[in-house]
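A.B. asks: Take a look at this one; I'll ask things after.
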C-alpha cells in the first residue's frame, strides 16, 4: 500500500468545473496563475516543470471552451 501524504486526506475533495466538454481542475488554475505570475507561458512551464508545448496546448483547449484567458504578445513577456 502506498504511503499517503499527511497533508492530503484519503477522501480529499478535488474541485473541478466543466465547461462544455472541457474539465478545468486545480492544475489548470495553477497553470493560469503561473502564467500571470511569471509573465509568459515559457516561464510558467519552466516553473511548473511542464513542457511549453503541453502547457500551450492546454491553454488553447481551455480558451476554446471558455474564451480568451491569456493575453498574447509577440515575443513573450519581453515583447
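The values are calculated or read from the model by the stated rules, or taken from the named source; none is laboratory data. Here the structure is a predicted model, which is why all the values come from computation and not from measurement. Here the Cβ positions follow ideal geometry from the backbone for every residue, glycine too, while neighbour counts run over all protein chains shown.
A.B. asks: Please verify whether residue 20 is on the phi > 0 side of the Ramachandran plot, within 16 Å of the chain's Cα centre (by Cα) and at pLDDT 85 or above, treating the condition exactly as stated.
C.D. replies: Numbers: on the phi > 0 side of the Ramachandran plot: yes; within 16 Å of the chain's Cα centre (by Cα): no; at pLDDT 85 or above: yes.
Criteria not met by residue 20.
A.B. asks: Please specify each residue of region 38-72 satisfying the condition of being without any contact (Cβ under 8 Å) to a residue 12 or more places away in the chain and outside any helix (DSSP H, G or I). Spell out the reasoning first.
C.D. replies: Just the residues of region 38-72 that are without any contact (Cβ under 8 Å) to a residue 12 or more places away in the chain, to begin with: 45-46, 49, 51-54, 57, 60, 63, 67-68, 71-72.
Correct list: 49, 51, 67, 68, 71, 72.
A.B. asks: Continuing with the same structure: I'm checking my understanding of the structure. Among residues of region 23-59 that are loosely packed, with under 11 Cβ neighbours inside 10 Å and over 21 Å from residue 72 (Cα atoms), which one is modelled with the lowest pLDDT?
C.D. replies: Within region 23-59, the match that is modelled with the lowest pLDDT is 26.
A.B. asks: Next question, about the same structure. Need the failing condition index for residue 63 against (1) surrounded by 13 or more Cβ atoms within 10 Å (Cβ to Cβ); (2) in contact with a helix residue (DSSP H, G or I) (Cβ under 8 Å, 6 or more places away or on another chain); (3) at pLDDT 95 or above, just the number.
C.D. replies: Answer for residue 63: the failing condition is (2).
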